[in-house]
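Please treat every number below as a calculation from the coordinates, not as lab data. Because the structure is a prediction, the values reported are computed rather than measured. Here Cβ is always computed from backbone atoms with ideal geometry, including for glycine, and neighbour counts include all displayed protein chains.
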Amino acid sequence: MIQQTLVILKPCTIQRALIGEVITRFERKGLKVVGLKMLQLSDEVLSEHYAHLSNKPFFQRVKNSMMASPVIVCCLEGVDAIAAVRRITGDTNGRLADPGTIRGDFCMSFQENIIHASDSSEAASIEINRFFKPYEIFDYKQGIFEYLYANDEY
């Protein structure tokens, strides 16, 4: 099933000039970029986005980290995109992430871990709507699509 998912390239990614490296990993896998923009996150948006962490002692530290510089938000699309993105991303703790994953190759931190990726279809839907207006998500035919999947996979 074709899905869409949200990815946020965190401030540590922007500051370390890894934007192209990270997006390339997703594109090479065969995921299609259907939305992409840079923005500065506000405390209000982050309080909503990380509400599930609001009772944790590190909540404010996470928000401060995410406001340290602009971020890049991406909407990616593909068959089983949510699971595919999570596998490419790797374990949340960069020290434990497998080599070959984004976090395994580019980070040593639990917090400064390069990327946020939606963890379910419900979260993906909410998060995409949080960061993108409908007209900022594009539906287009990508020339390589026929070569990515068997005709009965989508």
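Extending 7 Å from Cα along the Cβ direction at Gln111 and again at Arg28 yields two label points whose distance is 3.1 nm.
Shown here for the range 54-152: trypsin sites (Lys or Arg not before Pro) in loop regions (DSSP other than H, G, I, E, B) with at most 10 other Cβ atoms within 10 Å, namely Lys141. Under a Gaussian network description of the chain, with springs only between Cα atoms under 10 Å, the residue in Glu127, Glu136, Glu112 that fluctuates furthest is Glu136.
What angle do you read, to the nearest 10 degrees and between 0 and 90, between the alpha-carbon axis of helix 121-131 and the longest principal axis of the chain? Orientation of helix 121-131: about 70 degrees from the principal axis.
Students often forget the sequence filter, so: which aspartates and glutamates lie under 15 Å Cα-Cα from Lys63 once same-chain residues fewer than 8 apart are removed? Within reach: Asp43, Glu44, Glu48, Glu112.
With +1 on each Lys and Arg Cβ and -1 on each Asp and Glu Cβ, how big is the dipole of the chain about its Cα centre, in debye rounded to the nearest 20? Before the final figure, lay out each step's value.
Values: 17 positive and 19 negative charges, 104 e Å.
Once rounded to the nearest 20, the dipole reads 500 debye.
Excluding same-chain neighbours fewer than eight residues apart, the aspartates and glutamates reachable from Lys32 by a Cα-Cα span under 19 Å are Glu21, Glu77, Asp80, Asp119, Glu127, Glu136, Asp139, Glu146, Asp152, Glu153.
Among Ile82, Ile144, Ile19, which one shows the highest mean-square fluctuation when the chain is modelled as a Gaussian network with alpha-carbon springs under 10 Å? For the chain, modelled as a Gaussian network with Cα springs under 10 Å, the answer is Ile144.
Taking every DSSP beta bridge with both residues inside the range 2-138, roughly what % is antiparallel (nearest 5)? Don't jump to the answer; show the numbers that get you there.
Working: 18 of 18 bridges.
Among the beta bridges of the range 2-138, antiparallel pairing accounts for roughly 100 percent.
Entry note, the chain: the mean residue ellipticity at 222 nm calculated from DSSP H runs of n ≥ 4, each adding -39500 (n - 2.57), is -9500 deg cm²/dmol after division by the residues and rounding to the nearest 500.
Listed by chain and number, the lysines placed with their C-alpha closer than 28 angstrom to that of Lys29 are Lys10, Lys37, Lys133, Lys141; residues fewer than eight positions away on the same chain are left out.
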